[in-house]
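Take a look at the structure below.
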Amino acid sequence: MMKRDNVVTFMGNPLTLIGPELAVGAAAPDFSVVNTDLGPVTLADCQGKVTILAAVPSLDTPVCDMETRRFNQEALALGDAVRVLTISMDLPFAQKRWCGNAGIAHVQTVSDYQTASFGQAYGVLIDGLRLLARAVFVVDSQGELAHVQIVPELTHEPDYAAVLEAVQKAL
């Protein structure tokens, strides 16, 4: 599997990502993750909708918490034409508990813990840590990448305005 250096840092320390560098206009790679009830979720489940794929290191950290809450608010405003998945390596049981405590109802949290299918396909699996780098991908209703944002520093939030602009253009 391809490894990429100098793409992201954690508190200024460089990390290596596993997987390809994706570009806008390319077909969104398929993946297989699990929902909080251990059921499979794939890209095909999002077919026909504009989809925000928000990869985060762990929901139990402050920035991931803020980001997921923000996308939960945005998902409510965007309505049924848009689906939002937050993907992490957190166990599905921890995701379910976290969502219940945080009141998350409009974002679906899914886990890549079993095979790192999403992390490897989207080039955001952190080598050695087996966590996902913070990144946001917007997939249009035809299955093409409309937006790709790998956040350079894991402790920073994504550019929400750029994500929402890409969603609006894809609708």
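Some values worked out for this structure:
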quantity	calculated
Beta bridge orientation in the chain: antiparallel %, DSSP, nearest 5	70
Whole-Hz ³J(HN,Hα) from phi, Karplus 6.51 cos²θ - 1.76 cosθ + 1.60, for the stretch 142-148, glycine and proline x	9, x, 9, 6, 9, 7, 9
From phi via Karplus (6.51, -1.76, 1.60), per-residue ³J(HN,Hα) for the stretch 57-72 in Hz, x at Gly/Pro	x, 6, 4, 7, 10, x, 5, 5, 4, 4, 4, 5, 5, 5, 5, 5
Cross-link reach list, lysines versus Lys169, counting only Cα pairs under 17 Å and skipping chain neighbours closer than eight places	Lys49
Under 17 Å from the Cα of Lys3 - aspartates and glutamates, other chains or at least 8 residues apart	Glu21, Asp127
Alpha carbon centroid spacing (whole Å) that separates the stretch 1-75 from the stretch 131-151	7
Relative exposure of Phe118, Phe137, Phe31, judged by other C-beta atoms within 10 Å (fewest first)	Phe31, Phe137, Phe118
Separation in nanometres of the label points that stand 7 Å from Cα toward Cβ, at Gln114 and Lys169	3.5
DSSP-loop GluC sites (Glu not before Pro) across the stretch 64-171, with at most 11 other Cβ within 10 angstrom	none
Cα gyration tensor shape for the stretch 15-89, rounded if a/c is under 1.5, else prolate or oblate	rounded
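Throughout, read-outs are computed from the coordinates displayed, never taken from laboratory work. These numbers come from a predicted model, not from an experiment. A quick note on method: Cβ atoms are made from the backbone with ideal geometry, for glycine too, and the neighbour counts reach across all protein chains shown.
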